[in-house]
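Everything on this sheet refers to the single structure shown next.
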Amino acid sequence: MTTPGPGLRPRAALAMSQEAAAAVLDAESLDALRALCDLAPLPALDDLSTSRAREVLADVDVLITGWGCPPLDERVLEAAPRLRAVVHTAGSVRGHVTDACWERGIEVSSAAAANAVPVAEYTLAMILLSGKHVLERARDYRASQRRTWLGTPRSVGNYRRTIGILSASLVGRRVVELLRPHDVDVVLHDPYVTDTDAAELGVERVELAELFARCDTVSVHTPLLPATRGLVGRALIESMPADAVLINTSRGAVVDQEALTDALLAGRIRAVLDVTDPEILPPEHPLWRCENALITPHLAGSEGNEWRRLADHAVAETAHWASGAGFRHPVRRERLAFLA
């Protein structure tokens, strides 16, 4: 499919839940889209089977999608004969971009790179805070109201710690970049990364077993795929050095949660978990009792003012596509098997 050229204004519409539209696209973002496109009037389309949706879809060239977008199946695409592009304001497009889209040659863009930024920032913060044992020491300080530091064990601190990155995903690569100014050693495991690739990233490539046995902190950035479900199993967890930290901002099911819980209850290691399996854990789950685990409510990704970054990304992608230059951040069908 061809993209518009200079001077041609595509027709666009929003397809996402009303909550997503209100959160991600503020008035300034909408005005920026209107400067580029003939944008269909609000509200966003959250049901593509209605008469209003069919009327809008009949003339649309590009859909600006987001969380809650219904699947763009054959029925929807038949109602949208002019549709040439999908600009997604979030990360994964698996929930709404169907095989029918690819077969029609519809171009797809995702804000996964933009959403990787806050996840990587969260990860960096947790690597550094856990290295200083901030959670435990703040709790002890509150209880004792006494300050001690000369007796601090040498395991506390971030100087020359070894940080393991599991997967050179968008987030994993961003974490590597953020770690560069710090005096830490970074190693990486990714079965699709060569030694040359790793050298270009400025890290050492290691096998999976070595990553866990060697690192003071392991940060998991592997997408949840059939091949990665339970990838971080009991043997790997048990091989981690005493007092090591496992950080997971990916998906809970990538980690053997029972094995992780056992290791935490035994006090062998520590964990920072922004994701669990399931989300949310039931009230009686033993992970809630683990004081050596910091569990956060899947907040590493874009929230609050960070949603504006997703909107800015969508505007920039729409502008680039409308100019006839295609997308800067395209999603390729052949890469879907490796994406979250």
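The values are calculated or read from the model by the stated rules, or taken from the named source; none is laboratory data. Small disclaimer: the values here were computed from a predicted structure and weren't measured. FYI the Cβ positions are ideal-geometry reconstructions off the backbone, even for glycines, and counts take in every protein chain you see.
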Inset, instruction - Could you tell me whether Asp183 is surrounded by fewer than 19 Cβ atoms within 10 Å (Cβ to Cβ) and in a helix (DSSP H, G or I)? - result: no
Legend entry - Subset of the range 247-273 [touching a helix residue (DSSP H, G or I) at 6+ places or on another chain (Cβ under 7 Å) and either aromatic (Phe, Trp, Tyr) or part of a loop (DSSP other than H, G, I, E, B) (or both)]: Thr249, Asp256, Ile269
Inset, instruction - Report the residue count in the range 245-285 for those that are surrounded by fewer than 16 Cβ atoms within 10 Å (Cβ to Cβ) and more than 22 Å from the chain's Cα centre (by Cα). - result: 9
Inset, instruction - Go through (1) more than 24 Å from the chain's Cα centre (by Cα); (2) outside any helix (DSSP H, G or I); (3) surrounded by 21 or more Cβ atoms within 10 Å (Cβ to Cβ) and name the single condition Leu42 misses. - result: (3)
Legend entry - Contacts under 7 angstrom Cβ, first residue in the range 164-193 being at positive phi, partner in a loop (DSSP other than H, G, I, E, B), 6 or more apart: Ser167/Asp190; Ser167/His221; Ser167/Thr222
Legend entry - Arg82 vs. criteria surrounded by fewer than 18 Cβ atoms within 10 Å (Cβ to Cβ) and either among the polar types (S, T, N, Q) or not in a loop (DSSP other than H, G, I, E, B) (or both): no
Inset, instruction - Evaluate the range 19-27: report whether one residue or more is buried (at least 24 other Cβ atoms within 10 Å of the Cβ), touching a helix residue (DSSP H, G or I) at 6+ places or on another chain (Cβ under 8 Å) and part of a loop (DSSP other than H, G, I, E, B). - result: yes
Legend entry - Flag for Ala314 being among the hydrophobic types (A, V, I, L, M, F, W, C), within 28 Å of Val86 (Cα to Cα), surrounded by fewer than 17 Cβ atoms within 10 Å (Cβ to Cβ) and assigned by the TED database to the domain that holds His96: no
Legend entry - Any chance Ala120 is closer than 28 Å to Val220 by Cα, at pLDDT below 95 and among the aliphatic types (A, V, I, L, M): no
Legend entry - Residues located in the range 286-307, provided they are within 19 Å of Ile247 (Cα to Cα) and either surrounded by 15 or more Cβ atoms within 10 Å (Cβ to Cβ) or touching a strand residue (DSSP E or B) at 6+ places or on another chain (Cβ under 8 Å) (or both): Leu287, Trp288, Cys290, Asn292, Ala293, Leu294, Ile295, Thr296, His298, Ala300, Gly301, Ser302
Legend entry - Pairs with Cβ under 7 Å, 6+ apart, first in the range 305-327 and outside any helix (DSSP H, G or I), second polar (S, T, N, Q): Gly324/Thr3; Gly326/Thr3; Phe327/Ser109
Inset, instruction - Keeping to the range 137-171, report how many residues are under 23 Å from Arg214 (Cα atoms) and not basic (Lys, Arg). - result: 16
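Yes or no, residue by residue, for (1) closer than 18 Å to Asp243 by Cβ; (2) aliphatic (A, V, I, L, M); (3) under 23 Å from the mean Cα position of the chain (by Cα); (4) at pLDDT 95 or above:
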| site | (1), (2), (3), (4) |
| --- | --- |
| Ala125 | no, yes, yes, yes |
| Leu129 | yes, yes, yes, yes |
| Leu135 | yes, yes, no, no |
| Ala138 | yes, yes, no, no |
| Arg146 | no, no, no, no |
| Tyr159 | yes, no, no, yes |
Inset, instruction - Of the numbered conditions (1) in contact with a helix residue (DSSP H, G or I) (Cβ under 8 Å, 6 or more places away or on another chain); (2) closer than 16 Å to Ala125 by Cα; (3) at pLDDT 95 or above; (4) not aromatic (Phe, Trp, Tyr), Gly172 fails exactly one; give the number of that condition. - result: (1)
Legend entry - Looking only at the range 51-64, and only at residues there that are assigned to a loop (DSSP other than H, G, I, E, B) and under 32 Å from the mean Cα position of the chain (by Cα), the one that is surrounded by the fewest Cβ atoms within 10 Å (Cβ to Cβ): Asp61
